[in-house]
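Heads up, the thing below is written out as structure tokens.
The values are calculated or read from the model by the stated rules, or taken from the named source; none is laboratory data. These numbers come from a predicted model, not from an experiment. Cβ coordinates were reconstructed from backbone atoms using ideal geometry, including for glycine residues, and neighbour counts include every protein chain displayed. Please note that ligands, DNA and RNA were not included when accessible areas were found on the heavy atoms of the full protein model with its side chains. Shrake-Rupley method; radii C 1.70, N 1.55, O 1.52, S 1.80 Å.
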Amino acid sequence: MKQPTILILGGYGNTGNLLARFLLQESRASVILAGRNKAKADSAAAELNHSFEGNRASGLALDASDPQALVAAIEGSALLVAASSTAQYAETCARACLSAGVDYFDVQFSAKKVKTLRARSVEIKNSGRCFITEGGFHPGLPAALIRYAATQFDEIHTANVGSVIQIDWAALDIAESTVIEMAGEFSDFDMHFLQHGRWKKARMDIVMDTLKMDFGAPFFEQNCMPMWLEELRPLPAMFPTLKDAGFFVGGFNPVVDNLLLPLLMLIVKIAPQKGLKPAGNLLLWGLKRFSRPPYGTRLKLEAEGLKNGESARLELLLSHEDGYVFTAIPAAAAILQYLDGSIRKPGLFTQGEIVDPKRLLEDMQRMGIVLQA
Ligand SMILES: NC(=O)c1ccc[n+]([C@@H]2O[C@H](COP(=O)([O-])OP(=O)(O)OC[C@H]3O[C@@H](n4cnc5c(N)ncnc54)[C@H](OP(=O)(O)O)[C@@H]3O)[C@@H](O)[C@H]2O)c1
């Protein structure tokens, strides 16, 4: 049987390279590592071929902004994975997939990208293609965890997911495009969460709508801010008894949180396009200069509801020392479900709403995520 090929845009980047590793480890698929630097793509592919049998990795020079090159590159592949900081080219990628008859998966966090894909959702469905957006850690996992929690109650009432991500940014090589993309997303940070059955925009003045969550040692209790994720949108319709829910994110470090992020927002407000690069560089400088150990990534679910007529509570804590591994593992676990056909169907979906959450958690643990219930 012919094994599928997956073209990974950003395949030699931090997320893309780890994702390629997990896909080679967990499946028989071949991967094409694509990006604008052919030498980096080839050398990353050679490293993977050294680690995994079958010579299943190859490198390719490809710019996501080039529509013809994209179509030519993905023809013959089953899936295009956008693990690149190319959310601004979502339209180009979507059109290329539709024209070449290839499915689509991305790990990008971008409201504009979601809007772009939503505008094509009917065409995606009618063409029989499966598009999965907002894959990875966050976006990607919070709605899946809440859907899992719902299976553990007779009635679910509350389900909050929080995260701590402490990364040694100074040790990382991050593409300028990624830094610019991050600045763009922080500049219009959406802070909606579900309160008493209605979506509410968080207040950040005297009455701060933050959530305190205890992530255990070494991070302990953290003050987390609401962060809207597209995958949360369908939850109230899926679970009408769910009245309070959301995703809440912990801070980077005090200098970035209290000084540089407000400054970044101001810069991008004054100069929406030209300000992105200096704002992004300021953010990266702050992350590299002021991030301190302990490093690690945690995702916690706290849910409440009714079970057998009595109040019940569920807590899950997922952890990994490396934030990028914690991004690649859920994306790989979701793609495994796509590859075996169990979740593949025509249309546009978020990872959080389409995956089988129980199997996702099991596969993630096999790949190295630690789960404490
Ligand atoms: N869902 C989650 O949990 C999660 C977590 C972390 C990151 N992310 C997202 O993942 C994406 C990648 O982040 P990262 O930190 O892994 O970035 P990174 O290490 O900086 O890698 C970015 C990759 O994108 C490639 N790229 C950039 N522009 C391109 C273009 N025009 N055409 C083709 N390739 C291009 C870069 O290669 P060249 O510049 O050489 O072309 C590089 O390989 C971002 O969108 C980020 O927001 C999601």
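The figures follow:
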| read-out | value |
| --- | --- |
| Euclidean distance between Cα centres, segment 251-274 to segment 135-155, Å | 31 Å |
| For segment 158-221 versus segment 284-343, the gap between their alpha-carbon centres in whole angstrom | 13 Å |
| Whichever lysines have a C-alpha closer than 16 Å to that of Lys277, once near sequence neighbours (fewer than 8 apart) are set aside | Lys269 |
| Solvent-accessible heavy-atom area per residue, rounded to whole Å², over the chain at 1.4 Å | 44 Å² |
| Assigned charges on the beta-carbon of Lys, Arg, Asp, Glu; segment 14-107 dipole about Cα centre (debye) | 140 debye |
| Protection proxy ranking of 300-306, 152-158, 252-258 - average other beta-carbon atoms within 10 Å, highest first | 300-306, 152-158, 252-258 |
| Farthest toward positive dipole pole in the chain [+1 Lys/Arg, -1 Asp/Glu at C-beta], among Pro278, Leu336, Gly309 | Pro278 |
| Amide H contacts under 5 Å for Lys200, placed H, 5+ residues apart | Phe193, Leu194, Gln195 |
| Selection of trypsin sites (Lys or Arg not before Pro), segment 5-113, meeting DSSP coil and at most 13 other Cβ within 10 Å | Arg28 |
| The chain: most fluctuating residue of Pro293, Pro234, Pro142 per GNM, C-alpha cutoff 10 Å | Pro293 |
| Within the accessible area of the chain (1.4 Å probe), percent carbon and sulfur | 54 percent |
| Residue-by-residue Karplus 3J(HN,Hα) for segment 124-134, coefficients 6.51, -1.76, 1.60, Hz, glycine and proline x | 4, 5, 5, 7, x, 7, 10, 10, 10, 10, 6 |
| Positive minus negative residues near Gly135 (Lys, Arg vs Asp, Glu; Cβ under 11 Å) | -3 |
| Dipole magnitude of the chain about its Cα centre (Cβ charges: Lys, Arg +1; Asp, Glu -1), debye to nearest 20 | 660 debye |
